[in-house]
Amino acid sequence: MELMPIFSVKNLRNFLTEMEKKGEELQDEKYDNFQNQKKQMHLLVTGIEDCNSKIQQNLEEIEKQEQENQRKAKKYVELSELEIKNLEDLKRVGIVLGSEGFGVSQEILDIADNIL
């Protein structure tokens, strides 16, 4: 009894050709998946870099604002000290003028005292 070959050479060649096509399709699919993942990673990295850049810009802006606020606060303190000094000088002038017989209102001296 002779065994009949299940696959003829022609059938084996066709099978191998089909297998190669499927392998190429799988490779193409894997390559496409890889390319898609690569694009997604690139977008993710680009997004992170953009966020980092914006954070850095915001930090620089905050630092500038803090410096400006410190400058304004320092100026405000200087002006306040100058105002106090002017009021103290005004009070001294009023006292001197009053002692010299010039009519300086006690009300002006009281206002200066209250402010100081």
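For the stretch 53-69, indicate whether the set of residues that are assigned to a helix (DSSP H, G or I), among the polar types (S, T, N, Q) and closer than 30 Å to ILE111 by Cβ is non-empty.
Checked the stretch 53-69: no residue is assigned to a helix (DSSP H, G or I), among the polar types (S, T, N, Q) and closer than 30 Å to ILE111 by Cβ.
Identify, from the list ILE84, ILE108, ILE62, the residue that is among the β-branched types (Val, Ile, Thr), surrounded by 10 or more Cβ atoms within 10 Å (Cβ to Cβ) and modelled with pLDDT of 80 or more.
Selected residue: ILE62, the only one of ILE84, ILE108, ILE62 that is among the β-branched types (Val, Ile, Thr), surrounded by 10 or more Cβ atoms within 10 Å (Cβ to Cβ) and modelled with pLDDT of 80 or more.
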Verdict on GLU100 being among the acidic types (Asp, Glu), surrounded by 10 or more Cβ atoms within 10 Å (Cβ to Cβ), at negative phi and at pLDDT below 90: no
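The values are calculated or read from the model by the stated rules, or taken from the named source; none is laboratory data. Note that the structure is predicted; figures quoted are calculated from it, not measured. Cβ coordinates were reconstructed from backbone atoms using ideal geometry, including for glycine residues, and neighbour counts include every protein chain displayed.
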